[in-house]
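Colleague: Following this message is one structure expressed as structure tokens.
Nothing in this text is a laboratory measurement; each read-out follows from the coordinates by a stated rule. Computed from a predicted structure; not experimentally measured. So basically every Cβ, Gly included, is an ideal-geometry build from the backbone, and we count neighbours across all protein chains shown.
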Amino acid sequence: MQMNQYTVREWVPAGRTITIMNLAGIVILFAGLFIYGGIWAAATGASSATFDIWDVLLVAVVLVLMILHEGVHGIAIAAFGGKPEYGAIMIGKVMPALYCTSPGTRFTRAQFIVIALAPAVVIGLGTAVAIAALPAGWLVVPAAMHLGGCVGDFAMTIIAARLPRGSRIEDMKSGMRLYLPDETAVPTPR
């Protein structure tokens, strides 16, 4: 009889990892500017963009996208039976973040990856369509900033994808708790 025993580990970004994630986020932001700017240029035939007083509203649009981002996580969590909880936190005392989590809920690798990537896919495709269809040049920078902000979700996806089969993952406010199958665990005789 095999028992469901797990070795529990936690991953919370700190120090060097936060620095790498922030640098990766900046690289992804610029890639997003190129991608979304290219979509806008193709949709409008424009060769360059200009910015004006409306740029101040970009901050509000970024905030809306951040809130939508966590909402999409919540929808995905609920779809897999979790109860989403929302809030804000400082990760490693340097990186502000909004979060959506479901304390005590253990997701499979596949479920966790869907939850982690859902906002990048849903909001990424939604903003790309809006930029092309409207054409909404004003959405290029917020869309790129959102994509850059997905760096934590991308990092957790990479970690989840590398876990052994049978692992379970609990999303935490500032990281993840990993329940790794303990292949060497032997049931205690009764």
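Colleague: So the label point goes 7 Å from the Cα of residue 173 along Cα→C-beta, right? Which residues of region 105-143 then have their backbone N under 18 Å from it?
Modeller: What the label zone holds, given the 18 Å backbone N cut-off, is 105.
Colleague: Please work out the ratio of the alpha-carbon Rg of region 57-139 to 2.2 N^0.38 Å and round it to two decimals.
Modeller: Details: Rg = 14.4 Å, N = 83, 2.2 N^0.38 = 11.8 Å.
Here the answer is 1.23, to two decimals.
Colleague: By how many degrees, between 0 and 90 and to the nearest 10, does the Cα long axis of helix 16-44 differ from the longest principal axis of the chain?
Modeller: On a 0 to 90 degree scale, this one is about 40.
Colleague: Given 151, 128, 12, which one lies farthest toward the positive end of the charge dipole of region 6-181, if we put +1 on the Cβ of every Lys and Arg and -1 on the Cβ of every Asp and Glu?
Modeller: 12
Colleague: Over the Cα atoms of the chain, what radius of gyration and what Dmax do you get, in Å?
Modeller: 19.4, 75
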